[in-house]
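The values are calculated or read from the model by the stated rules, or taken from the named source; none is laboratory data. In this text the structure is predicted, and so the values were computed from the model without any measurement. When we count neighbours, we look across all protein chains shown, and the Cβ atoms used for this are built from the backbone with ideal geometry, even at glycine. What goes into the accessible areas is simple: the full protein's heavy atoms, side chains included, and nothing from ligands, DNA or RNA. Shrake-Rupley method; radii C 1.70, N 1.55, O 1.52, S 1.80 Å.
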Amino acid sequence: LYPQGQLLAKSWSSLFEGQASATLQGPIYSFNRRNVLTDPLWTHQLAWHGSTPRGSQARRRDCQGWRSSGAGEGLATPLGEGRLLAGQRHNCSQA
């Protein structure tokens, strides 16, 4: 995978093969082309995914299908850890 011309991962499936320790290669860009890992706008550098370590949906851990910013829970991973699907519980109201 080569977003912005830099290697992010060896393959799409390598992100979801149950390898919670899959290491990201290179920067992560937002939709407005900011480097999420270095831009001060991104105070919480999390990848919100709502997935199990094997890449399947983690039921009741996806902020109600990503439609709620209320009291529910979602799974997210700090991007700097390099463990994309490790998933830690976060309140859906967290920015």
Check: Only one residue in L37, L24 is surrounded by 12 or more Cβ atoms within 10 Å (Cβ to Cβ), modelled with pLDDT of 80 or more and aliphatic (A, V, I, L, M), so which one is that?
Finding: L37
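Restricted to region 43-67, and to residues that are assigned to a loop (DSSP other than H, G, I, E, B) and in contact with a strand residue (DSSP E or B) (Cβ under 9 Å, 6 or more places away or on another chain), which residue is most open to solvent (accessible area, probe 1.4 Å)? Walk me through it before giving the result.
First, the residues of region 43-67 that are assigned to a loop (DSSP other than H, G, I, E, B): 43-45, 49-50, 52-56, 58-61, 67.
Subsequent filtering for residues that are in contact with a strand residue (DSSP E or B) (Cβ under 9 Å, 6 or more places away or on another chain) retains 44-45, 49-50, 52, 58, 60-61.
On the way: H44: 92, Q45: 62, H49: 35, G50: 4, T52: 40, A58: 12, R60: 194, R61: 57 Å².
Filtering first and then ranking leaves R60.
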